[in-house]
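One structure is given below, encoded as structure tokens.
Where a number appears in this text, it was derived from the coordinates with a stated rule and is not lab data. Computed from a prediction, not measured in an experiment: that's the story for all the values here. Note that we place each Cβ from the backbone using ideal geometry, even for glycine, and neighbour counts take in every protein chain shown.
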Amino acid sequence: MLRSSNPLLAGVEPYDPKYLPADVMVSANEMTFDVPAAVRAAVVDRLADLAFNRYPDPLANELRDSIAQWYGLARDNVICGNGGDELLFNLALAWGGAGNSLINVPPTFSVYAANAHLTGTTVVDVPRRTDFTLDEDAIVERASKGDVGTVIITSPNNPTGDLASREFVERLLNATDALVLLDEAYIEFAPEGSSCLPLLAKHENLVILHTFSKAFRLAGVRLGYLLCSPRVASELTKVRQPYSVDAVSQAIALEVVKNRAAFAEGIQMVKAERERLAAGLAELPGVTVYPSFANFLCVRFDRDAGKLWQDLYDRGILVRDFSANPATRNCLRISVGTPEENDKVLNAIKELANV
Ligand code: PMP
């Protein structure tokens with residue numbers, strides 16, 4: 001015998017990224033290569049002295065300080081979480097809930113709407129145009145009605161790859177007192193100066209999400225952080241799980257922040273490979289490659305992309321299939337890998353295109 005769970009769980013499909021074993025793993029926007037050897041060695045050294053028997057610093061203050069210093073901010077402008085995912089959920093708890101609403105801009109990261117659903121938050125969709133550009137006027141107009149708790153803008157957006165302009169974000173911030181979450185999980189792959197960080201000093205309602213999972217190659221470690229006003233940070237400390245950022249993750253991230261310059265070469269390689277892969281795919285008939293500022297490409301095919309996904313998987317290549325969503329019909333999202341992996345992807349799609 002078991003009582004029913006929370007009615008909000010009715011019909012919820014558990015998050016399933018279809019993360020299957022494959023020779024070429026280009027489905028989850030990870031980096032293919034691990035952290036640089038010297039950084040790994042420094043991490044191992046630091047872990048050798050770590051007290052496993054003691055609870056970690058609940059707020060990860062040493063890490064907050066080092067991230068704050070990186071961006072010219074203060075400790076109370078930074079909150080760390082167990083991946084960006086945990087912080088997204090904490091924001092939904094703190095600014096969502098029954099009677100609150102979220103402006104969502106699909107197609108985008110599905111976790112936002114899922115968190116809204118779980119917290120009883122009403123989702124107000126302001127969809128992207130068919131070419132995936134933001135309907136800036138519609139978003140600002142809807143936000144300025146004054147009845148929404150949160151607006152989430154993803155820049156670069158997952159899965160479409162486009163960037164929100166700073167002018168637009170500033171216009172939005174001026175139009176509303178809602179919490180504006182700018183998810184910059186992929187910002188390190190965008191041109192220098194694309195981040196909206198400079199707006200933080202003037203706008204208490206701006207929250208910027210970054211993660212160590214992408215450019216800093218720590219997807220397995222689970223560490224993300226928010227850059228925000230002290231008031232937002234203080235509200236979030238009320239909902240967060242006290243020890244969600246464990247001592248091992250804190251130690252690893254401290255070394256990565258200290259040695260962040262060592263990651264620049266990998267980021268540059270991915271940016272260059274993204275352009276090469278995009279150009280190679282764009283040459284193929286029946287293929288549309290959307291401009292991307294992230295470490296992946298959103299690619300639309302003029303045929304059944306679900307079948308193409310399977311054909312690629314049968315050849316040992318795992319990409320992400322977005323064709324079930326009408327807005328991304330026949331779209332696959334392909335993460336940028338190493339030059340060898342990108343060649344494999346390109347050659348397989350070329351061959352399959354001729355079938
Ligand atoms: N935001 C976006 C747009 C993402 O794509 C992801 C990862 N898929 C995240 C946040 C969360 O990443 P993580 O939990 O690994 O930090």
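On full extension, the segment bounded by V12 and T130 gains 39.8 nm, given 0.36 nm per residue less the C-alpha separation.
When its C-alpha radius of gyration is set against 2.2 N^0.38 Å (N residues), the stretch 99-155 gives a value of 1.07. Dipole check for the stretch 1-75: with +1 at the C-beta of Lys and Arg, -1 at the C-beta of Asp and Glu, and the Cα centre as origin, the magnitude is about 280 Debye. The share of C-alpha pairs in the stretch 1-120 whose separation exceeds 18 Å stands at 73 percent. Among D321, D16, D45, which one shows the biggest mean-square fluctuation in a GNM of the chain, springs joining Cα atoms closer than 10 Å? Residue with maximal mean-square fluctuation among D321, D16, D45: D16.
Bridge orientation summary for the chain: considering DSSP beta bridges with both residues in this region, about 50 percent are antiparallel.
Under a Gaussian network description of the chain, with springs only between Cα atoms under 10 Å, the residue in G316, G11, G84 that fluctuates furthest is G11. Helices assigned as whole DSSP H runs in the chain whose Cα atoms extend at least 18 Å along their own long axis and whose mean Kyte-Doolittle hydropathy is 0.0 or higher are found at 83-95. Taking the Cα centre of the chain as reference, the dipole from Cβ charges on Lys and Arg (+1) and Asp and Glu (-1) amounts to some 400 debye.
Computed from Cα atoms alone, the Kirkwood hydrodynamic radius reported for the stretch 209-297 is 15.9 Å. Computed from the alpha carbon atoms alone, the convex hull of the stretch 232-353 holds 178 Å³ per residue. The simple spin-label model puts a point 7 Å past each Cα toward its Cβ; for E351 and A324 those points are separated by 2.8 nm. Taking A42, A294, A68 as the candidate residues, the one with maximal mean-square fluctuation in a Gaussian network model of the chain, Cα springs under 10 Å, is A42. Values of log10 I(q)/I(0) for the chain across q = 0.10 Å⁻¹ run -0.64, by the Debye formula with one identical scatterer at each alpha carbon and no solvent. About its Cα centre, the stretch 22-65 has a charge dipole of approximately 100 debye under the convention of +1 per Lys or Arg Cβ and -1 per Asp or Glu Cβ, with nothing else charged.
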